[in-house]
Amino acid sequence: MERSRTGGLLATRGATVLPISHCLSGQSARPAYVRGYPARVARARIPDEVLAAAHDRSRARVARDWPEADRLRVLIEDAGWKVEDRGTDFALSLAHALDVAEGKRVRYGTSQGVPSRLDEQPVGLATVVLIATDRPSDLARTLGGLMVGAPLGTSIVIVGNGPSAEQAEALE
């Protein structure tokens, strides 16, 4: 995690933090480091032990050994995978999206993967979290109001969860 000279966070995992002092300095409300989600999608390789457990579970289901099949399902799910039964076949998928590292930024696939910051010293007066929706004019209007009315030391976090093309363009 990187801190700016004003003490505000420049970037945090999965979101963009915009110190209010940055906005009050007359700079653009849409800095270059505000980006949408990457166009590429990370593909997960199924670990050998998970795949073996899924095949063993399939065999247990054919033999109608339900306690063993249930035990193996729990083992697969504990490894972070979902198993979908398709008759005598199965499909495996991640229980949640992968964490994606992009330089100094990490986009977490699940909220449980985000490290706690409760032990850190407070950074500023307040943090305002804004959700980037498909109405970029609303976000721009809100940012404008915060630039005028928020006290110094306030940080702004803009969360863009898979923004539309229009929203991603506005965030850039």
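The values are calculated or read from the model by the stated rules, or taken from the named source; none is laboratory data. A quick note: this is a predicted structure, and the numbers were derived from the prediction, not measured. Counting neighbours? That spans all protein chains shown, and the Cβs are built from the backbone with ideal geometry, glycine included.
Brief remarks follow.
- Answer from R45, R59, R73 - the residue that is modelled with pLDDT of 50 or more and more than 29 Å from the chain's Cα centre (by Cα): R59
- Selection status of P122, at pLDDT below 85 and surrounded by 12 or more Cβ atoms within 10 Å (Cβ to Cβ): no
- Exactly one residue out of G103, G87, G109 is within 21 Å of the chain's Cα centre (by Cα) and exposed (fewer than 11 other Cβ atoms within 10 Å of the Cβ): that is G103.
- In this structure, V157 does satisfy being in contact (Cβ under 8 Å) with a residue 24 or more places away in the chain, surrounded by 12 or more Cβ atoms within 10 Å (Cβ to Cβ) and in contact with a Ser or Thr (Cβ under 8 Å, 6 or more places away or on another chain).
- V148, sole failed condition from (1) closer than 25 Å to P47 by Cα; (2) hydrophobic (A, V, I, L, M, F, W, C); (3) at pLDDT 85 or above: (1)
- Residue within the stretch 133-148 that is touching a residue at least 60 places away in the same chain (Cβ under 8 Å), surrounded by fewer than 15 Cβ atoms within 10 Å (Cβ to Cβ), of a type in the set (A, V, I, L, M, F, W, C) and closer than 30 Å to A165 by Cα present: yes
- The C-beta contact set for the stretch 56-74 (first residue within 17 Å of A91 (Cα to Cα) and without any contact (Cβ under 8 Å) to a residue 24 or more places away in the chain, second residue part of a helix (DSSP H, G or I) and among the aromatic types (F, W, Y), distance under 8 angstrom, 6+ apart or interchain) comprises A60/W66.
- Options T133, T88; residue that is at pLDDT below 85 and either within 25 Å of H55 (Cβ to Cβ) or of a type in the set (F, W, Y) (or both): T88
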